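Visitor: Sending over a structure as structure tokens; questions will come in a sec.
Bear in mind that the values in this text are calculations on the coordinates, not laboratory data. Everything quoted here is computed from the prediction, not taken from an experiment. No Cβ is skipped: glycine too gets one built from the backbone with ideal geometry, and neighbour counts run over all protein chains shown.
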Amino acid sequence: MLTYQTPVELFVETSGSCDGLFQLLDQALATGARSLLVLAADANGFTPEQLDARLHALPVPVFGGIFPEIIANGQTLRQGSLVCALPGTAQVHVVEHLSNPDSDYFAATEALATHIAPGSTLVTLVDGLSKRIAALLESLYEVFGSHCHYIGGGAGSLSFVQKPCIISNQGLLMDCAQITALPLQVSIGIEHGWHKFAGPFFVTGAYNNTITTLDYQPAFAVYRQVVEADSGKSFDTDNFFELAKAYPFGLERLTGDVVVRDPLFNEGDKLVCVGEVPANHIIYILKGNTENLLSASRQCAAKLHLPDAPPVLGLLFDCISRTLFLQDRFHEEVDNIRNALPPGVPLAGCLSLGEIADAGNTCLEFFNKTIVLGVLTQAENKA
């Protein structure tokens with residue numbers, strides 16, 4: 001039997017200090033928490049040397065990550081930490097070597113099957129700068145399929161320097177996936193608001209998260225021609241992300257929908273993205289505007305279908321590049337989402353490097369520039 005209260009309690013501090021985080025952990029444990037969700041801002045500068053001893057000593061399971069920014073109810077924080085005290089016991093599992101071309105993620109996830117009950121919600125956090133995220137998610141869905149529910153995102157830094165960013169009882173980890181099973185159901189809304197602008201293009205060369213050629217032409221040359229012609233601006237040595245944030249890629253799916261891919265930077269003629277881009281795939285260059293993106297936040301919240309059960313927590317993974325695009329209007333997106341939650345239900349979240357969800361019992365996707373909103377409820381788990 002579940003013993004969750006409604007709602008769970010959030011503890012927030014804005015100094016970004018280690019002592020501030022440790023105080024939050026003590027406060028959450030004092031409530032009788034049996035698991036802890038920890039979200040921290042990258043600007044805190046946390047290192048394994050600062051946190052690992054305390055994380056090792058925690059008497060309950062802890063899961064979470066370090067993100068460019070975090071969200072506590074309606075407030076977006078560039079510095080600080082959030083701890084969510086969960087009365088239920090989470091099962092936290094780590095799959096390592098998320099960039100290793102030789103890693104067998106199917107064997108690693110299959111080994112978890114005897115430990116995770118059907119109907120669990122799998123909060124799946126990954127190092128957002130790892131190179132084989134999609135391969136891990138493919139294996140995870142192959143093992144658990146529609147028998148579990150999924151929500152999550154990519155941790156990491158906007159510096160695009162890979163460093164420890166996954167928070168666990170083992171300490172701060174990098175280049176890994178953290179799969180946390182909760183005995184809860186989750187209702188999911190997914191939206192992005194981007195539309196096809198140029199293409200289709202055929203991905204004639206790609207490996208991991210790097211595109212080498214489009215239509216047999218150097219990938220950056222093709223992308224550059226389209227973006228510069230439409231924007232009236234030119235790429236130079238230090239403005240790639242500033243210009244590219246308005247022109248993501250879209251991977252075509254059989255449903256006609258697109259999964260957004262963020263180009264991070266170019267390496268010569270190559271384009272490096274958040275998440276894999278498969279070769280021999282149809283891709284578009286997308287475009288959006290402020291009103292379309294804000295409308296998507298309202299649609300995302302409207303897609304929630306809550307069961308007749310007490311809601312526990314709103315959990316939001318919203319792409320960091322959306323706030324870079326919306327700028328001073330991003331608060332409207334957060335307000336749209338928070339206002340759609342049942343009264344009194346807290347909202348915990350982050351601005352992530354990629355978002356994870358099951359887009360309709362077909363596959364587990366790694367999205368970019370997308371909103372993934374989940375409401376956890378204490379409804380009886382159903383496989």
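Visitor: May I ask which of Lys196/Lys270; Lys196/Lys233; Lys163/Lys303 have a Cα-Cα span longer than 32 Å here?
Guide: Listed pairs above 32 Å: Lys163/Lys303.
Visitor: Sort the following peptides by mean Cβ neighbour count (other Cβ atoms within 10 Å, averaged over residues), highest first: 20-31, 129-140, 102-113.
Guide: 129-140, 20-31, 102-113
Visitor: What dipole magnitude, in Debye to the nearest 20, does the chain give about its Cα centre under +1 on Lys/Arg Cβ and -1 on Asp/Glu Cβ?
Guide: 460
Visitor: Projected onto the charge dipole of region 30-131 (+1 at Lys/Arg Cβ, -1 at Asp/Glu Cβ, origin at the Cα centre), which of Ile70, Ala85, Leu58 gives the Cα projection farthest towards the positive end?
Guide: With unit charges placed on the Cβ atoms, the residue in question is Ala85.
Visitor: Calculate the translational D of region 118-256 in whole µm² s⁻¹ from Stokes-Einstein, where the hydrodynamic radius comes from the Kirkwood formula applied to all Cα pairs, the temperature is 20 °C and the viscosity 1.002 mPa s.
Guide: So the translational diffusion coefficient is about 119 µm²/s.
Visitor: Using 0.36 nm per residue of separation minus the Cα-Cα distance, give me the extension gain between Glu267 and Asp236 in nm, one decimal.
Guide: Difference between extended and current length: 9.9 nm.
Visitor: While we're here: Fully extended, how many nm does the chain gain between Ala117 and Arg54 (0.36 nm per residue separation, minus their Cα-Cα distance)?
Guide: My answer for the length gained is 19.7 nm.
Visitor: Enumerate the amide H contacts of Glu69 below 5 Å, restricted to partners 5 or more residues apart or on another chain; note that Pro and chain-start residues carry no placed amide H.
Guide: Under 5 Å from the amide H of Glu69: Asp42, Leu351.
Visitor: Given H placed on each backbone N at 1.01 Å, which residues far from Val274 in sequence or on other chains put an amide H within less than 5 Å of it?
Guide: When sequence neighbours closer than 5 places are left aside, the close amide H contacts are Asp262, Leu264.
Visitor: While we're on this one: So, by mean Cβ neighbours within 10 angstrom, what's the order for 223-236, 35-48, 320-333 with the highest one leading?
Guide: Packing order, densest peptide first, comes out as 35-48, 320-333, 223-236.
Visitor: For Lys245, go through the aspartates and glutamates and keep the ones whose alpha-carbon is under 15 Å away, minus same-chain ones fewer than eight residues off.
Guide: Glu228, Asp230, Asp236, Asp262, Asp318
Visitor: Suppose R0 equals 22 Å. What FRET efficiency, 1/(1 + (r/R0)^6) with r the Cβ-Cβ distance, do Arg78 and Gln27 give to the nearest 0.05?
Guide: Efficiency computed from Cβ-Cβ geometry: 0.50.
Visitor: How large is the convex hull of the Cα atoms of the chain per residue, expressed in Å³ as a whole number?
Guide: 129
Visitor: Continuing with the same structure: Under the definition of Cα pairs under 8 Å and six or more residues apart, what whole-number percent is the relative contact order of the chain?
Guide: Here the relative contact order equals 22 percent.
Visitor: Given bins 10 angstrom wide, list per bin the percent of all Cα-Cα distances in region 173-225, short to long.
Guide: 16, 27, 25, 24, 8
Visitor: May I pose another question? Give me the one-decimal nm value for the distance between modelled label points at Asn280 and Cys18, 7 Å along each residue's Cα-to-Cβ direction.
Guide: About 5.1 nm, to one decimal.
Visitor: Could you calculate the FRET efficiency of Asp257 with Asp335 from 1/(1 + (r/R0)^6), where r is the beta carbon distance between them and R0 is 25 Å, rounded to 0.05?
Guide: With a Förster radius of 25 Å, E is 0.45.
Visitor: Here is a further query. Which of rounded, prolate or oblate describes region 71-143 when judged by the alpha-carbon gyration tensor and an a/c cut-off of 1.5?
Guide: It comes out oblate by the Cα gyration axes.
Visitor: Sorted from largest to smallest, which semi-axis lengths in Å does the alpha carbon gyration tensor of region 290-383 give for its equivalent ellipsoid, taking the root of 5 times each eigenvalue?
Guide: 23, 17, 11
Visitor: So, with +1 on the Cβ of K and R and -1 on the Cβ of D and E, and no other charges, what is the size of the charge dipole of region 195-287 about its Cα centre, to the nearest 20 debye?
Guide: 220
Visitor: If you place +1 on the Cβ of every Lys and Arg, -1 on the Cβ of every Asp and Glu, and leave all else neutral, what size is the dipole of region 110-268 about its Cα centre, to the nearest 20 Debye?
Guide: 140
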